[in-house]
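Comments concern the structure below.
The values are calculated or read from the model by the stated rules, or taken from the named source; none is laboratory data. Note that this is a predicted model, so its numbers are computed, not measured. Please note: Cβ atoms are built from the backbone with ideal geometry, for glycine as well, and neighbour counts cover all protein chains shown.
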Amino acid sequence: MTMKALVYTGTQEVHYRDEMKPVAGPNQALIEVAATAICGSDMHAYHGLDERRVPPLILGHEVAGKVVTSSRHETGQHVVINPLMTCGHCAPCLSGRANLCSDREIIGMRLAGAYAQYLVIDETNLLVPPANVKPWVACLTEPTATALHAVALVERVSYRPLSEQRCLVIGGGAVGLLTALILSAKGCCNIDLAETNALRRNTIDQQNIVTVFDPSTQTAPSASGYDVVFDCVGAGVTRAMASEQVAAGGIISHVGLQNSHEGLDIRRITLQEITVLGNYCYTPADMQAALDMLCSDRLGDLRWVELRPLSEGAQAFSDLHYGRAAAAKIVLQPDHHL
């Protein structure tokens, strides 16, 4: 049997076409996809910059849907997918840091992802949201967990509560905006956000939780005075900005993965005892906490999310590539769900 899917076929190429419907293996569930959000890592692949994602490949890992077949869940049960599959028995897994499992796999990288009508996933990777939560909201759990994990790591090493600190978020995509929303939910009142896209700046400004500015033309409101800087882009230019803007004794949280080269001022980091934190994905506890935050409306009205049909996914990728999208997050839904 076949299904409709959006397939990454080459640099800046995705095509909506027929693909074989997946078959669940032992201890796996077959899921009918209801909503899948476009991640920055999907865009990285689209740009031909991720050697791990080899075309042709169905991308997509920020997903919610409902169970078709499973030995653990009832047919029709609405679920959120934890796309990060781990071994469950190595030292990181047993210590609660499954995101560091050396055998980890994530859908949409080597395995087929969720820009499709159906996907398969390990049965242990299903979370059950409250019945009244819309799928497009539930699919935001994964990026919310990424942001929440980054904030949690900062809280673990910070000298003072986040509510007392001045924070800079670099990048106004979904993870950057969600980081700011989580900081605000935790009582942080001094948040600035750097974003070069004017359409996104306008969308972010409507949330009324940050001072948003264009780092290409404007000076940071608290130049070189930030207790914590979250780099949610992860490029050389943003690492350089983080190194410059963090205060002595402060923290740089490196969240984005755009490239892995220049940027950090190691001499300043050493002389001024700046802490640099790497962040990768999230733990299962982060996923559950993120789902709880979304379901309790602690992250605002989510007006920064735009819904589009999966059949128009190629246009969505193009709009993100050319900076034509005001939304911090575009969610694709199989056409029959609209």
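Within segment 300-310, is even one residue closer than 19 Å to residue 158 by Cα, within 19 Å of the chain's Cα centre (by Cα) and touching a residue at least 12 places away in the same chain (Cβ under 8 Å)? Explain how you work it out, then say what you get.
At the first step, the residues of segment 300-310 found to be closer than 19 Å to residue 158 by Cα are none.
The answer is no; no qualifying residue exists.
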### Message
Anything in segment 145-189 that is more than 16 Å from residue 227 (Cα to Cα), crowded, with 18+ Cβ neighbours inside 10 Å and among the aliphatic types (A, V, I, L, M)? List them, or say none.
### Response
145, 147, 148, 174, 175, 177, 178, 181, 182
### Query
Considering segment 224-276 alone, what residues qualify as being of a type in the set (A, V, I, L, M) and within 17 Å of the chain's Cα centre (by Cα)?
233, 235, 255, 257
### Query
What do you reckon, is residue 58 closer than 28 Å to residue 297 by Cα and assigned by TED's automatic domain parsing to the domain that holds residue 28?
no
#### Entry: Condition broken by residue 273, with the remaining ones in (1) surrounded by fewer than 16 Cβ atoms within 10 Å (Cβ to Cβ); (2) acidic (Asp, Glu); (3) touching a residue at least 40 places away in the same chain (Cβ under 8 Å) satisfied
(3)
### Query
Is segment 59-71 home to any residue that is closer than 26 Å to residue 40 by Cβ and part of a helix (DSSP H, G or I)?
no
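Residues are listed down the side, and each one gets a yes or a no for (1) modelled with pLDDT under 95; (2) assigned to a loop (DSSP other than H, G, I, E, B); (3) of a type in the set (Lys, Arg); (4) more than 19 Å from residue 329 (Cα to Cα):
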site: 178; (1), (2), (3), (4): no, no, no, no
site: 181; (1), (2), (3), (4): no, no, no, no
site: 192; (1), (2), (3), (4): no, no, no, yes
site: 222; (1), (2), (3), (4): yes, yes, no, yes
### Message
Among (1) farther than 28 Å from residue 95 by Cβ; (2) in a helix (DSSP H, G or I), there is one condition residue 269 misses while meeting the rest; what is its number?
### Response
(1)
### Task
Scan segment 17-68 residue by residue and report those that are of a type in the set (S, T, N, Q) and within 16 Å of residue 336 (Cα to Cα).
36
### Query
When residues of segment 9-53 are filtered for being touching a helix residue (DSSP H, G or I) at 6+ places or on another chain (Cβ under 9 Å), among the β-branched types (Val, Ile, Thr) and assigned to a loop (DSSP other than H, G, I, E, B), how many remain?
2
### Task
May I ask you to list the residues in segment 117-149 that are polar (S, T, N, Q) and either part of a helix (DSSP H, G or I) or in contact (Cβ under 8 Å) with a residue 60 or more places away in the chain (or both)?
117, 124, 125, 141, 144, 146
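If I go through segment 190-208 residue by residue, how many of them are in contact (Cβ under 8 Å) with a residue 24 or more places away in the chain and surrounded by fewer than 20 Cβ atoms within 10 Å (Cβ to Cβ)?
6
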### Task
Could you identify the single residue in 263, 300, 256 that is surrounded by 21 or more Cβ atoms within 10 Å (Cβ to Cβ), at pLDDT below 95 and outside any helix (DSSP H, G or I)?
256
### Query
Since residue 61 meets every condition but one in (1) over 16 Å from residue 332 (Cα atoms); (2) within 18 Å of the chain's Cα centre (by Cα), which condition does it not meet?
(1)
### Query
With respect to residue 162, is the statement that it is within 24 Å of residue 294 (Cα to Cα), outside the structural domain of residue 35 (by TED's automatic domain parsing) and at pLDDT 95 or above true?
no
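What is the residue count in segment 108-122 for residues that are in contact with a helix residue (DSSP H, G or I) (Cβ under 9 Å, 6 or more places away or on another chain) and among the aliphatic types (A, V, I, L, M)?
Residues of segment 108-122 in contact with a helix residue (DSSP H, G or I) (Cβ under 9 Å, 6 or more places away or on another chain): 108-109, 113, 115-117.
Going one step further and asking which of them are among the aliphatic types (A, V, I, L, M), we end up with 109, 116.
Result for segment 108-122: 2.
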